[in-house]
């Protein structure tokens, strides 16, 4: 842990505000630049791989028929699960614990499917998921950077990430994702753990009391760091000192971070921080 103040406290109040507004959309101070993202790099992103597999399967089958509970059928789940790897998850362990793979067992597949729906690239009609016109266009290899951008935007501003965990912190820290992203841009240059990045990058004062001490770090991991690693924005590695479920992985900025994201903010003292 560190006694240093959070990174965002060095910003002008107007810049912090611009990283928070408008609510529910990419903040004013963030520029998404898919034109700077190499196509080959985007094609290697776990969520892009899974999204292209799901979209392609939806086109090939003229729609993915859902179960009565609204989940993907096992055959469609396996089509994606078998061809993807997810930072923080051990595929071999999942296979060892499950005789069959349902969508709930394949968290990365479930997550990607819901994000695709939020991005309106998959549309549900009468119990069938079909690729939208925009979704079909995303299947072209050269559209991979645009697909990554759509997935990124939908993940943090169109999906309630609390739905994927049992953490009682309502919508925290997703409601200040812009502040977190800028803070990560200046703090996550080296391998770091969630315990360090949580106080350095989030607005802890918005949590309130009482709260279990590990809830914020858990939320930071499941709602920010893990999705960012699945989007290729962060790199993730299993800590040799803390092997386990993937919640203790170390992360750092990947090249895609600065290729996809730009910020227009001003530091206290009047100096600009545009990158």
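The values are calculated or read from the model by the stated rules, or taken from the named source; none is laboratory data. These numbers were taken from a predicted model, which means no experiment stands behind them. Quick reminder, even Gly has a Cβ in these numbers, built from the backbone with ideal geometry, and neighbours come from all protein chains shown.
Residue-wise test of (1) touching a strand residue (DSSP E or B) at 6+ places or on another chain (Cβ under 7 Å); (2) closer than 16 Å to residue 137 by Cα; (3) at pLDDT 95 or above.
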{"position": "42", "(1), (2), (3)": "no, yes, yes"}
{"position": "48", "(1), (2), (3)": "no, yes, yes"}
{"position": "59", "(1), (2), (3)": "yes, yes, yes"}
{"position": "91", "(1), (2), (3)": "no, no, no"}
{"position": "98", "(1), (2), (3)": "no, no, no"}
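Which of the residues belonging to segment 100-127 are at positive phi and touching a strand residue (DSSP E or B) at 6+ places or on another chain (Cβ under 7 Å)? Hit for segment 100-127 is 127, nothing else. I'd like the full set of residues that are over 9 Å from residue 154 (Cα atoms) and assigned to a loop (DSSP other than H, G, I, E, B), limited to segment 103-119. Selection gives 106 alone.
For segment 86-98, state whether one or more residues are in contact (Cβ under 8 Å) with a residue 12 or more places away in the chain, under 30 Å from residue 7 (Cα atoms) and out of contact with any helix residue (DSSP H, G or I) (no Cβ under 7 Å at 6 or more places or on another chain). No: zero hits. Tell me whether segment 124-138 contains one or more residues that are in contact (Cβ under 8 Å) with a residue 24 or more places away in the chain, in contact with a helix residue (DSSP H, G or I) (Cβ under 6 Å, 6 or more places away or on another chain), assigned to a helix (DSSP H, G or I) and crowded, with 20+ Cβ neighbours inside 10 Å. For segment 124-138, residues in contact (Cβ under 8 Å) with a residue 24 or more places away in the chain, in contact with a helix residue (DSSP H, G or I) (Cβ under 6 Å, 6 or more places away or on another chain), assigned to a helix (DSSP H, G or I) and crowded, with 20+ Cβ neighbours inside 10 Å: present.
Matching residues to (1) in contact (Cβ under 8 Å) with a residue 24 or more places away in the chain; (2) in the same structural domain as residue 60 (by TED's automatic domain parsing); (3) in a helix (DSSP H, G or I):
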{"residue": "147", "(1), (2), (3)": "yes, yes, yes"}
{"residue": "168", "(1), (2), (3)": "yes, no, no"}
{"residue": "175", "(1), (2), (3)": "yes, no, yes"}
{"residue": "178", "(1), (2), (3)": "yes, no, yes"}
{"residue": "186", "(1), (2), (3)": "yes, no, yes"}
{"residue": "213", "(1), (2), (3)": "no, no, no"}
{"residue": "216", "(1), (2), (3)": "yes, no, yes"}
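With the requirement that a residue be surrounded by 18 or more Cβ atoms within 10 Å (Cβ to Cβ) and more than 12 Å from residue 264 (Cα to Cα), what does segment 7-19 give you? Across segment 7-19, the qualifying residues are 7, 8.
Only one entry of 181, 161, 148 meets the criterion of being farther than 20 Å from residue 21 by Cβ and either out of contact with any strand residue (DSSP E or B) (no Cβ under 9 Å at 6 or more places or on another chain) or buried (at least 16 other Cβ atoms within 10 Å of the Cβ) (or both), and that entry is 148.
Looking only at segment 44-64, decide whether some residue is without any contact (Cβ under 8 Å) to a residue 12 or more places away in the chain, assigned to a helix (DSSP H, G or I), under 29 Å from residue 130 (Cα atoms) and more than 21 Å from the chain's Cα centre (by Cα). Looking through segment 44-64, at least one residue is without any contact (Cβ under 8 Å) to a residue 12 or more places away in the chain, assigned to a helix (DSSP H, G or I), under 29 Å from residue 130 (Cα atoms) and more than 21 Å from the chain's Cα centre (by Cα).
Per the conditions (1) modelled with pLDDT of 95 or more; (2) in a loop (DSSP other than H, G, I, E, B); (3) surrounded by fewer than 11 Cβ atoms within 10 Å (Cβ to Cβ), the sole criterion not satisfied by residue 84 is (3).
Which of the residues belonging to segment 17-43 are over 17 Å from residue 154 (Cα atoms) and outside any loop (DSSP other than H, G, I, E, B)? Of everything in segment 17-43, those that are over 17 Å from residue 154 (Cα atoms) and outside any loop (DSSP other than H, G, I, E, B) turn out to be 17, 18, 35, 36, 39, 40, 41, 43.
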